[in-house]
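Throughout, read-outs are computed from the coordinates displayed, never taken from laboratory work. Not measured: the values here are computed from a predicted model. Glycine also receives a Cβ, built like all others from the backbone with ideal geometry; neighbour counts cover every protein chain displayed.
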Amino acid sequence: MLPKFKPTKMNEIDSANITIEKTEKSNLKTTDFANLKFGETKSDHMFIAKFENGAWQNLEVKPFQNLSLSPSCIALHYGQSIFEGLKAFRNLDGKIAVFRPDKNAERLQRSATRMAMEPVPTEIFLEGLRTLLSVDSAWVPNGEDKSLYIRPFQFGDEPNIGVRASDSYTFIIFTSPAGKYYSKDVSVFVHDDYVRAVRGGAGMAKAAGNYGPTLLPAAQVREKGYDQILWTHIVDGTRYVQEIGTMNFFVQIDDVLITPSLDSSILEGITRESLIQLARDKGVIVEERMLSSEELFTAAREGRIQDAFGAGTAAVITHIASIGTDEEHIDLKPVSERTLAHELKKELTDIQRGIAPDRYNWMMTI
Ligand SMILES: *Cc1c(COP(=O)(O)O)cnc(C)c1O
């Protein structure tokens, strides 16, 4: 188990400690909000904080701009670099609300602990985010399928190529307005030659180094006609399902919703946690447990899979249309005939958009 990170109480952190420098050249007017491509457009400002000489300092909101780094910066050589992803929504009444940012702050701290980095206190994460979003509030798009994607990240910036933990860190939050995240139904493939994460590795951390190695196998499965990898690992000689692509995996078999239990190889998704709660509250039996690929494929062959999907911030739910290996390809029940994932997705997005009551206190309004 990881040592538990105890956030320092930093009551002095409030927006008064954050200096604000506004841009003189806003890109707001020249941005085509009707044709947003995910990840391309950046809002006018960013929040930045530095950890130096043993303390977080220099909290600033300033124009989005390039960084100046030493070529010997530790993150570039040894990957002390972690990130988060979350969204802000404009509700029907015009208010801006962010989905569970406290959870992302906690997860960034867990990732930092795993990567031997100095954790960002929750107060700095939340107050930085709040200040950034008030300055860039006009960047939160209006419209049913639109949101503002938020990318917090942190890296070791000490200029030193010794293999050890950096003694200084940069923490940044920038945002990107996003249109409808086009989530087509996906076919997923079990790739025998590659694993994303193993027990004892760093799969539970949203660490930059976990994603680069997935790009080659992802390109290979696309050549076979599949969209995503169904990541698996072998424990005591049995192959178990972990995640799909960069989403948590859910399957409904014989009326039970199953998702792989968390261990050090699985990213603890906030969408995953929220969907488990929504499902349980509507009386669905949810099991968090190890699921072997044998069990999954047997249920698929026997037509007992009622629903199967990936869960993550970008699309909330992505339906899985088919699963395959080098030996077989199985089409699952048509997505239009499923019920659970459709219902869960509607319930979650209605809470995010302020259409349904926020009964779990998930939304932080700005
Ligand atoms: C970010 C991520 C998820 C989903 O997490 P959410 O908090 O739901 O967005 C799942 N798996 C991996 C590998 C991820 O990087």
28 Å Cα cut-off, lysine pairs counted over segment 186-352 (separation 8 or more, or different chains): 9
Electrostatic dipole magnitude of the chain [Cβ: Lys, Arg +1; Asp, Glu -1; Cα centre; debye, to 20]: 700 debye
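Where does the chain land at 222 nm, in deg cm²/dmol rounded to the nearest 500, when only DSSP H runs of n ≥ 4 count, each adding -39500 (n - 2.57), divided by all residues?
On the way: 7 runs with 76 residues, N = 366.
-6500 deg cm²/dmol, from helical runs alone.
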Under 19 Å from the Cα of LYS25 - aspartates and glutamates, other chains or at least 8 residues apart: GLU40, ASP44, GLU60, ASP136
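State the dimensionless ratio Rg/Rh of segment 186-352 (Rg: radius of gyration of Cα atoms; Rh: Kirkwood radius). Each step should come with its number before you reach the end.
Details: Rg = 14.9 Å, Rh = 16.0 Å.
On the Cα set of segment 186-352, Rg over Rh gives 0.93.
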Angle between the chain longest axis and helix 122-135 axis [Cα atoms, degrees, rounded to 10]: 80 degrees
Antiparallel bridges, percent of DSSP beta bridges restricted to segment 15-180 (to nearest 5): 95 percent
Proximal lysines relative to LYS29, as straight alpha-carbon distance under 18 Å, when same-chain residues fewer than 8 apart are discounted: LYS37, LYS42, LYS146
Kirkwood Rh (inverse of mean 1/r, distinct Cα pairs), the chain, angstrom: 21.7 Å
Length-normalised contact order for segment 15-180 - Cα pairs under 8 Å, 6+ apart - percent: 34 percent
Computed E for ASP185/ILE234 - FRET, C-beta separation, R0 25 angstrom, nearest 0.05: 0.35
Computed FRET value (nearest 0.05) for ASP358 with GLU327, which takes r as the C-beta separation and R₀ as 41 Å: 0.30
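Just want to confirm a number: the relative contact order over the chain, from Cα pairs under 8 angstrom separated by 6+ residues, in percent.
Details: 737 pairs, mean separation 65.2, N = 366.
Result for the chain is 18 percent.
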Shape call, segment 73-224: gyration tensor on alpha carbons, a/c limit 1.5: oblate
Between 0 and 90°, nearest 10: helix 270-281 axis offset from the chain longest Cα axis: 50 degrees
Nearest-20 debye value, segment 110-171 charge dipole, Cβ charges on Lys, Arg, Asp, Glu: 200 debye
